[in-house]
Structures are given as C-alpha cells and as structure tokens.
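To start, the structure under review is shown below, and the notes come after it.
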Amino acid sequence: MLNLYPAQIESVSLHRVGNKSKNESIFLSEKPFGLNDEMSGLLKEYFFKPFREKEENYFRFDHEVDLEFNEVYKAVSEIFADSGNIHALSKKITTHLFEQSNHPHIKSGEVYVVHFSDMVLDNAKVEAIGIFKSELKHDFLQFKEDGQNLEILIKQGININKLDKGCIVFNVSKEEGYKVLSVDSNRYDAKYWLENFLGLAALTDENFYTKNYLKFCQNFAKDVVLPAEDKQQEVLFMNRAVNHFAKNDAFEETSFLNEVMENPELIPEFKHYKVEKGPKYSIEDVSNFDIANKAVSDARKKIKNVINLDTNIQIKMDFINPESAEKFVEKGWDEERQMYYYLVYFNKEQKS
C-alpha cells in the first residue's frame with residue numbers, strides 16, 4: 001500500500017535529452033535546480049498524479065547477466081548509499097537515457113531526477129528516487145498589456161496535469177532489484193522507457209499473482225463458462241472466485257476449484273485452459289501463493305456483475321452475497337413467447 005502525500009522533495013536535477021537519430025543533443029545542467037515551496041508543490045502534483053490514478057503494478061530492475069550491469073540500478077544504488085552524489089549520478093542516468101533515444105519516434109524532452117523522503121510504502125517511511133520525462137509540448141495563451149490594448153501571446157509548454165514518462169524507485173529489496181513503479185502515457189515507444197532504459201521486469205509477488213490469477217479466471221469465465229452455460233453462471237463463477245480470494249489468506253488451487261466450480265465437468269476444462277492461456281498471465285506453474293487483499297479489492301471493483309438483456313433490462317448481481325443471486329434468480333424458457341426469462345423472487349422493494 002502506497003501513500004505519496006507525506007513525501008518531500010529533497011532535490012531535483014533537471015536535464016534535457018534529444019533524439020540521437022535526428023542529431024539532437026543532450027543538455028546537462030551544471031547544478032541542481034533551485035526549489036521554492038510553490039514549485040515543490042506543483043512538481044509533486046505533476047510527478048505523483050499518474051501514480052495515484054494507476055493501479056499499483058510493481059516492477060524490479062533486471063539484467064540478463066547480473067543486476068550490477070543494469071545502469072539505472074547501479075546509479076540508484078549509489079544515490080541511496082550517498083545522496084550527496086545525486087546530481088553527478090543524475091547526469092549518468094540522463095546520458096544513459098540519451099543513448100537509448102535513437103529511434104525516430106522518440107521525442108526530445110526534459111529529464112528530472114528527484115530525491116524523495118518520507119514516502120510511505122506498506123506503512124513504513126522510505127526514501128525514493130524518481131526519474132521523470134516530459135515530452136509533449138502544448139500551446140497556451142499569455143496576455144500582455146500594450147498601451148490601451150490587451151495582446152495575446154502564443155507560447156509552448158508542458159501540461160502539468162499529464163506526465164509523459166516516469167518511475168519511482170523505493171529503497172527496499174535492493175538485492176532483488178528494488179520495488180519500482182513506472183508509468184508511460186505514450187505508447188508509440190513502449191520498449192524505450194521500460195525495457196531499453198530502465199531494464200525492468202514484473203515483480204512476481206503476492207499482488208502480482210493475485211491480480212493475474214483473477215484476470216485469468218475472468219477470461220476463463222468469458223471463454224469457457226459463458227459458452228458452456230450462460231451469462232448468469234459466468235457472473236456467479238466470478239462471484240464465487242472473488243469471494244474465495246477475499247476470505248482466504250493463501251491460495252491453493254485444488255481447494256479453489258472444489259469450492260467455486262459448481263459444474264465439476266468444467267474442472268478439466270479449467271486445467272486445459274490454464275495450460276493454454278496460463279503463460280500469458282505468468283501463472284502456468286503457479287498453484288499456491290499468498291493472497292494480497294488490495295489486489296482482491298481492486299479486482300472486485302473492475303469485474304462486471306451485470307447481466308445485460310436485449311430487452312434493455314439489466315440484472316445486477318451482488319458480489320458480497322452470492323447466495324442471493326443463486327437462490328432468488330431463476331432462468332427459464334417461455335414456449336409461447338419463444339423467449340428466455342429470468343424469474344426474480346423478493347419480499348419487498350427497497351427504497352433507494
């Protein structure tokens with residue numbers, strides 16, 4: 001669980017990188033940027049906004065040979081060891097980014113290397129290093145009094161409500177490659193930031209497995225349960241799956257299948273589907289893991305529990321009390337109308 005609000009900016013180093021393939025240059029500032037309270041507040045909002053809005057998907061630094069060959073990991077480790085070296089090391093980080101900026105689609109932009117204190121991660125205060133890049137420039141208007149007239153000036157600048165690229169490296173789990181969050185708003189150069197520059201791999205922790213297994217179940221429900229049975233059973237299957245995760249601290253696949261799979265004939269289908277689709281979610285060899293409660297809560301919000309009918313009627317199932325949907329909603333076929341129907345039982349209508 002991440003809380004960015006108490007975080008303080010200790011220093012900012014500001015540079016600019018161009019596109020090497022277009023013979024654009026790199027500009028490295030001689031000194032750190034001078035901050036005041038107003039600028040600090042604006043920059044915090046600029047840097048943090050996409051991370052507040054985005055699901056917490058953690059990464060770690062990686063390298064095919066050894067972590068020490070990952071340039072950003074090495075530089076960040078040196079900063080955590082001695083933050084007095086941050087400006088010199090920010091130049092190394094920016095130069096490394098410039099070396100990766102050799103595809104025609106990559107845009108020039110400003111690079112910010114930021115030292116944060118008082119980040120709160122999993123209820124503990126940690127320091128962190130942020131690396132951010134602004135790329136897209138937007139037109140904006142300025143106004144100037146010229147004698148008796150008001151003039152319009154067209155300027156260009158960045159939109160502080162939309163960060164183009166960024167990552168936050170938390171000073172935890174160094175030996176495993178730290179815990180890292182990353183955002184990239186521009187999809188035209190996806191490998192450039194995450195892979196070529198940062199060298200990140202997904203952090204396969206309990207959050208990763210909980211989230212991915214539930215996504216896998218959601219696709220199984222859509223691809224197998226829905227065609228084999230109906231929309232009601234698809235919704236109810238996911239209902240039971242989410243509730244199984246919610247009430248257990250650890251996941252064990254056999255127990256899960258015995259509890260949530262009401263039609264035992266679908267268990268072999270589930271295992272076959274896992275062999276076929278499991279690698280997409282990195283769960284093909286996973287059958288036991290600790291459950292992350294936050295990932296379950298996030299999944300519950302995203303999973304649709306509504307049956308949409310072609311008669312412009314919706315039936316919403318309750319994810320908290322699945323037995324209600326099973327006991328009080330029946331599906332049938334009307335011979336006279338040649339239509340399916342849902343029969344819903346209730347005692348009284350609840351006031352909204």
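Nothing in this text is a laboratory measurement; each read-out follows from the coordinates by a stated rule. The shown structure was predicted, so the numbers you read here are calculated from the model rather than taken from an experiment. Here the Cβ positions follow ideal geometry from the backbone for every residue, glycine too, while neighbour counts run over all protein chains shown.
Data overview
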quantity	calculated
Hypothetical label at residue 173: residues of region 1-28 whose amide nitrogen lies under 19 Å (7 Å Cα-Cβ projection)	1-4
Protection proxy ranking of 54-66, 175-187 - average other beta-carbon atoms within 10 Å, highest first	175-187, 54-66
Compactness of region 96-212, expressed as Rg and Dmax over alpha-carbon positions, Å	19.2, 66
Relative contact order %, the chain, counting alpha carbon pairs below 8 Å whose residues are six or more apart	15
Convex hull projection area averaged over all views, region 1-144, Cα basis, nm²	11.4
Cα-Cα pairs of region 40-102 separated by more than 16 Å (percent)	64
Inter-label distance, nm, simple model (7 Å from Cα along the C-beta direction), residue 187/residue 57	1.2
Of 105, 343, 196, farthest towards positive along the dipole that unit charges on Lys, Arg, Asp, Glu beta carbons give the chain	105
P(r) weight above 37 Å for the chain, C-alpha pairs, percent	39
Taking only Cα atoms of region 213-352, radius of gyration then Dmax in Å	16.4, 52
Relative contact order, percent, region 200-291 [alpha-carbon distance under 8 Å, six or more residues apart]	41
For region 206-291, convex hull volume per residue from C-alpha positions, Å³	79
Spatially close lysines, pair count over region 1-117: Cα under 19 Å, gap of eight or more or interchain	10
Cβ-placed point charges (K, R +1; D, E -1), dipole of the chain about Cα centre in debye, nearest 20	900
As computed over region 175-255, the Cα convex hull volume per residue (Å³)	154
Helix 86-100 vs. the chain, principal-axis angle (Cα, 0 to 90°, nearest 10)	70
Computed over region 167-214: relative contact order in percent, which uses C-alpha pairs under 8 Å that are six or more apart	22
Distance between modelled label sites at residue 150 and residue 137, nm, 7 Å Cα→Cβ extension	2.7
